[in-house]
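J.: Next up is a structure, given as structure tokens.
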Amino acid sequence: LEQGAAIKFWGGIPGTTQPAGIWLDQFFTLSKKYNLSNEEYAYTQMVLAQTLSDAFMECWKAKYIYWTKRPDMELKTIETAMPNPPFPSYVSGHSVISFAAATVLAKFFPEDGENYLRNAEEAKNSRLWAGIHFPHDNEEGKKLGIKVGEFVAKKLEVKAIR
């Protein structure tokens, strides 16, 4: 997507699908492609939902430990493409959630792994393009998201379904 469309798609502002919902929707679409059994679908959805939940908890823990300002709070000349969310900037929630989801989904569906990681990168970048995150918010969020995804995949011994 081009930058404006990506900002809107990944927005997460009131009245839009939130990032966790976007990732669950992506999984739903993929599940049709692979014609998953009910058991495969239910298990993968459960793991993805738990991963998203764990990612949110780790992200918000960091946000409220560091309490960082958003870019336009530091540099008054920055114009944002959307309102600032009402919580600290560091680390980017979109980055954490998206890379955690992409990491787990890539373990289940290696053939589509690169696509998931591309989508996570776009979600991460959309926050920078919108002017509501600093680059380090996004990069550290990406690292944290990957670690959460890898932890869940290892703990649950996630293996490729297809």
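J.: Considering only the stretch 71-83, I want to know if a residue exists there that is open to solvent by 90 Å² or more (accessible area, probe 1.4 Å), over 21 Å from Gly11 (Cα atoms) and of a type in the set (Lys, Arg).
T.: yes
J.: Which one of Val104, Val96 is in contact with a Cys (Cβ under 6 Å, 6 or more places away or on another chain) and modelled with pLDDT of 95 or more?
T.: Numbers: Val104 fails: in contact with a Cys (Cβ under 6 Å, 6 or more places away or on another chain).
Within the list Val104, Val96, the selection yields Val96.
J.: Which ones in the stretch 34-65 are part of a helix (DSSP H, G or I), more than 14 Å from the chain's Cα centre (by Cα) and without any contact (Cβ under 8 Å) to a residue 60 or more places away in the chain? Step through it out loud before you land on a result.
T.: Our first condition is that a residue be part of a helix (DSSP H, G or I); within the stretch 34-65, this holds for 34, 38-65.
Right, trim to more than 14 Å from the chain's Cα centre (by Cα) and you get 34, 38-47, 61-65.
Across the stretch 34-65, the qualifying residues are Asn38, Glu39, Tyr41, Ala42, Tyr43, Gln45, Met46, Lys61, Lys63, Tyr64, Ile65.
J.: Right, something else. Quick one: in the stretch 11-40, which of the residues that are of a type in the set (S, T, N, Q) and closer than 18 Å to Lys159 by Cα is least open to solvent (accessible area, probe 1.4 Å)?
T.: Taking the stretch 11-40 as the starting set, the residues that turn out to be of a type in the set (S, T, N, Q) are 16-18, 26, 29, 31, 35, 37-38.
When the remaining residues are screened for being closer than 18 Å to Lys159 by Cα, the result is 31, 35, 37-38.
Working: Ser31: 11, Asn35: 125, Ser37: 43, Asn38: 129 Å².
Looking at the filtered set, the residue picked out is Ser31.
J.: Let me ask another. What are the pairs with Cβ atoms under 9 angstrom where one residue, in the stretch 96-112, is under 9 Å from Gly149 (Cα atoms) and the other, located anywhere, is open to solvent by 20 Å² or more (accessible area, probe 1.4 Å) and of a type in the set (Val, Ile, Thr)? Sequence gap at least six, or different chains.
T.: Phe99/Ile146; Ala100/Ile146; Ala102/Ile146; Thr103/Ile146; Val104/Val158
J.: Before we move on, is Ala101 crowded, with 16+ Cβ neighbours inside 10 Å and aliphatic (A, V, I, L, M)?
T.: Numbers: crowded, with 16+ Cβ neighbours inside 10 Å: yes; aliphatic (A, V, I, L, M): yes.
Yes: the conditions hold for Ala101.
J.: Here is a further query. Going by the conditions given, is Lys159 of a type in the set (Lys, Arg), assigned to a helix (DSSP H, G or I) and open to solvent by 50 Å² or more (accessible area, probe 1.4 Å)? Steps first, answer last, please.
T.: On the way: of a type in the set (Lys, Arg): yes; assigned to a helix (DSSP H, G or I): no; open to solvent by 50 Å² or more (accessible area, probe 1.4 Å): yes.
Criteria not met by Lys159.
J.: Criterion first (over 26 Å from Glu140 (Cβ atoms) and among the basic types (Lys, Arg)) does Lys33 satisfy it?
T.: In short, yes.
J.: For Ser89, all conditions in the list (1) surrounded by fewer than 21 Cβ atoms within 10 Å (Cβ to Cβ); (2) not in a helix (DSSP H, G or I) hold save one; what is the number of the exception?
T.: (1)
J.: Out of curiosity, is Asp25 more than 17 Å from Ile146 (Cβ to Cβ) and in a helix (DSSP H, G or I)?
T.: Details: more than 17 Å from Ile146 (Cβ to Cβ): yes; in a helix (DSSP H, G or I): yes.
Criteria met by Asp25.
J.: Can you name the residue in the stretch 110-156 that is open to solvent by 40 Å² or more (accessible area, probe 1.4 Å) and part of a loop (DSSP other than H, G, I, E, B) and is also farthest from Asn35 (Cα to Cα) among such residues?
T.: Selected residue: Phe134.
J.: Can you give me the number of residues within the stretch 28-50 that are aliphatic (A, V, I, L, M) and farther than 21 Å from Phe151 by Cα?
T.: Step one: list which residues in the stretch 28-50 are aliphatic (A, V, I, L, M), which gives 30, 36, 42, 46-49.
Now restrict to residues that are farther than 21 Å from Phe151 by Cα: 30, 36.
Qualifying residue count for the region: 2.
J.: Among (1) under 16 Å from the mean Cα position of the chain (by Cα); (2) in contact (Cβ under 8 Å) with a residue 12 or more places away in the chain; (3) surrounded by 15 or more Cβ atoms within 10 Å (Cβ to Cβ), there is one condition Lys8 misses while meeting the rest; what is its number?
T.: (2)
The values are calculated or read from the model by the stated rules, or taken from the named source; none is laboratory data. On a predicted model such as this, the values are computed, not experimentally measured, just so you know. Cβ: placed from backbone, ideal geometry, glycine included. Neighbour counts: every protein chain shown. For accessibility, only protein heavy atoms count, side chains too; no ligands or nucleic acids. Shrake-Rupley method; radii C 1.70, N 1.55, O 1.52, S 1.80 Å.
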